[in-house]
1. For the stretch 150-259, restrict the atom set to alpha-carbon positions and state the Rg and Dmax in Å.
2. To the nearest 10 degrees, how steep is helix 81-97 against the longest Cα principal axis of the chain, on a 0 to 90 scale?
3. Estimate the FRET efficiency between Lys96 and Ala14 by the formula 1/(1 + (r/R0)^6), using the beta-carbon distance for r and 35 Å for R0, to the nearest 0.05.
4. Would you grab the residues whose amide H sits under 5 Å from the one on Gly193? Only those 5+ places off in sequence or on another chain, please, with H modelled 1.01 Å from N.
5. Residue-wise, which Karplus ³J(HN,Hα) couplings in Hz belong to the stretch 191-200, taking 6.51 cos²θ - 1.76 cosθ + 1.60, θ = phi - 60°, and x for glycine or proline?
6. With every protein chain present, what accessible area does Tyr335 have (1.4 Å probe, heavy atoms only), rounded to the nearest 10 Å²?
7. So, by mean Cβ neighbours within 10 angstrom, what's the order for 171-178, 130-137 with the highest one leading?
8. Would you mind counting up the charge near Tyr249? Only other residues with Cβ under 15 Å from its Cβ, with Lys and Arg at +1 and Asp and Glu at -1.
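The values are calculated or read from the model by the stated rules, or taken from the named source; none is laboratory data. Given the structure is predicted, the values throughout are model-derived calculations rather than measurements. Quick reminder, even Gly has a Cβ in these numbers, built from the backbone with ideal geometry, and neighbours come from all protein chains shown. The protein model used for the area step is the full one, side chains on, heavy atoms only, and it has no ligands, DNA or RNA in it. Shrake-Rupley method; radii C 1.70, N 1.55, O 1.52, S 1.80 Å.
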Amino acid sequence: MKTKYYKPSDSSIAYSVGTTLDRFIKIKQDEFSFASGELSQILRDIALAAKIVNRETNRAGLANIGGAFGQTNVQGEEQQKLDVIANIRFTRALTKGGEVCAVVSEEDDEVIDLQNGSGKYVVAIDPLDGSSNIDVNISIGTIFSIYRRATPIGSPIQPEDIMQPGCQQVAAGYVLYGSSTMLVYTTGHGVNGFTYEPSLGEFFLSHPNMCAPKDGDIYSINEGTSNLFEPGLKKYIELCKERQFSARYIGSLVADFHRNLLKGGIYIYPATSKSPKGKLRLLYEANALAFIAEQAGGMATDGYGRILDIKPTSLHQRTPLFIGSPNMVVEAENYLKAFQERVVEK
Ligand code: FDP
């Protein structure tokens, strides 16, 4: 039999289309000390569900899947039809993949036990974040955290499998359904971003080794409740204005976070006198983004301490969030603490 070596063609038709998410995951699989392909499979499952949610999101205006579902979730928030669709899609993908034993979702009151005796992983997910933006065609997202279960594989799910601090995450990521759809994830070895190519149905590596600028000039906060902010935060916002920073707030955490990660800035969802724990959820919103922020050289705190060190005490626990460029997060935190001290000293 005659053979010949493969020689890439010089023709433009043979130009590389780039690195697919699948190939990238495979290449990087060896970075996990406990590499076995299972974590890679979960990332692929999430990517598949993201493609489906992307498709549904894109035709929301046509397919009668916009608007309210007619029920409220455990947070007391009105569920949108797409919230429900996304929840079903991600849960289904994680169930079929076979690597996950339990899922915590914003849309479900309780932990979903997948009855999977061989599942080593627990996933916490906000299937569709920023859902109040669906009907007005503004960017929305998916946020996910992956943990290894703490108790032996095959045994019943225990609270300690679920209530792990964010520093125990083995991977985390988000999908941004924006002017293009992106999947960004970390496994604790830097952060990489992939852009969806709809005609090929693939995510391609577009943002390798993402790094948060040390400083920035964008602040993202809903100032509508500023009269309820802590005094230190009011001062910090004044400082942002004195420095003529840009105020940018979409009201979709993933989109606001993503912009500031690329451009440099701080996203704040603070405690207020009305909501001392803020609004965002620790397990499936703050932790994932905090892990990504830190891996990209950024920072995430609740205003007084590191998000990833918080030991969860309840499933749908809320936390204030200050996240983004490290110099900005430190400065905001210093304002909060300094002012609090002054108040205590009086
Ligand atoms: P939403 O309620 O629309 O899902 O996750 C909660 C969240 O959106 C974030 O995505 C967003 O940053 C924030 O709430 C917006 O809250 P406000 O309307 O209070 O600013």
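1. Looking at the stretch 150-259, its Cα Rg and Dmax stand at 19.0, 57 Å.
2. The angle comes out at about 50 degrees.
3. Details: r = 35 Å, r/R0 = 1.01.
Given R0 = 35 Å and the Cβ-Cβ separation, E is 0.50.
4. The list, which skips near neighbours in sequence, is Ser206, His207, Asn209, Met210.
5. For the stretch 191-200, the Karplus curve yields 10, 10, x, 10, 9, 7, 9, x, 5, 9 Hz.
6. So the heavy atoms of Tyr335 present about 70 Å² to solvent.
7. Details: 171-178: 26.0, 130-137: 17.0.
The densest-packed peptide leads the list: 171-178, 130-137.
8. Numbers: positive: Lys241, Arg248, Arg259, Lys263, Lys279; negative: Asp129, Asp217, Glu223, Asp256.
Charge balance near Tyr249 sits at +1.
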